[in-house]
1. Report the convex hull volume per residue for the chain, counting only C-alpha atoms, in Å³.
2. Treating only the Cβ atoms of Lys and Arg (+1) and Asp and Glu (-1) as charged, compute the dipole magnitude of the chain about its Cα centre; round to the nearest 20 debye.
3. Among DSSP beta bridges lying fully in the stretch 1-127, give the percent that are antiparallel, nearest 5.
4. Looking at the stretch 51-85, which chymotrypsin sites (Phe, Trp or Tyr not before Pro) are DSSP coil and have at most 16 other C-beta atoms within 10 Å of their C-beta?
5. Among 121/166; 51/181; 43/125; 51/125; 125/181; 43/77, which pairs are too far apart, with a Cα-Cα distance over 25 Å?
6. Using modelled backbone amide H atoms (1.01 Å from N, in-plane), which distant-in-sequence or interchain residues come within less than 5 Å of residue 57's amide H?
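Quick note: the coordinates plus some simple rules give every number you see, no bench work behind them. In this text, all values refer to a predicted model and were calculated from it rather than measured experimentally. Glycine gets a Cβ as well: all are built from the backbone with ideal geometry, and neighbour counts include every protein chain shown.
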Amino acid sequence: MHTLQNILHICLLPLSFPDHELLTELSSVLGEIFRIPVVISNKHFSLEDGKDYVRNQYNSTWILAQILEQFPEDSYKILGVTTVDLYVPVLTYVFGEAQLDGTAAVVSIHRLRDELYGLPKNPQKLQERLEKEAIHELGHTFGLIHCSQPQCVMYTSTYAEEIDFKPKYFCHSCLQELSAKSKK
Ligand SMILES: [Zn+2]
Ligand SMILES: [Zn+2]
């Protein structure tokens, strides 16, 4: 059990993400929630080929594929964190995307910032929203699907302010599923 836990870790990958302080905060929260080590990668790669110049957004599915291509197959969980606006072709935008029961996930702070909606900057709120969305996307990589329980981080949020109503924690049943899956 101990050896297993030493190998397993979450890798945070900054993708054009200059705010190192926010990442450091995020890494400690993720470590507390998932109870595995979190490292911040210094690998660099360009997002340019994932940009749709008409939409002025970046394809999150393309980013996931890039992450998987750049990391060794035995990587445990890799979460890209970015400032660019993400989309999948069928949706106007996404806060993030993850491989269900897989390795890679990506999350963006672009639409989590109050100033995008004409409100004053709120760094505390931004940090909390990022934590929740990062935990949510990583939850998907552990095989968790959306939860019907509004008091669960796996509850789905369409608008940024909806994220504020859910906690950064898993409900009892998601937590049970998570611990069963992460022991695999
Ligand atoms: Zn989701
Ligand atoms: Zn739940």
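1. Values: hull volume 21.2 nm³, N = 184.
Once divided by residue count, the hull of the chain is 115 Å³.
2. Numbers: 16 positive and 23 negative charges, 75 e Å.
Rounded to the nearest 20 debye, it is 360 debye.
3. Of those bridges, close to 25 percent are antiparallel.
4. Details: sites: 53, 58, 62, 76; in loops: 53, 76.
Sparse-neighbourhood loop chymotrypsin sites (Phe, Trp or Tyr not before Pro): 53, 76.
5. Values: 121/166 21 Å; 51/181 34 Å; 43/125 28 Å; 51/125 28 Å; 125/181 30 Å; 43/77 15 Å.
The answer is 51/181; 43/125; 51/125; 125/181.
6. 52
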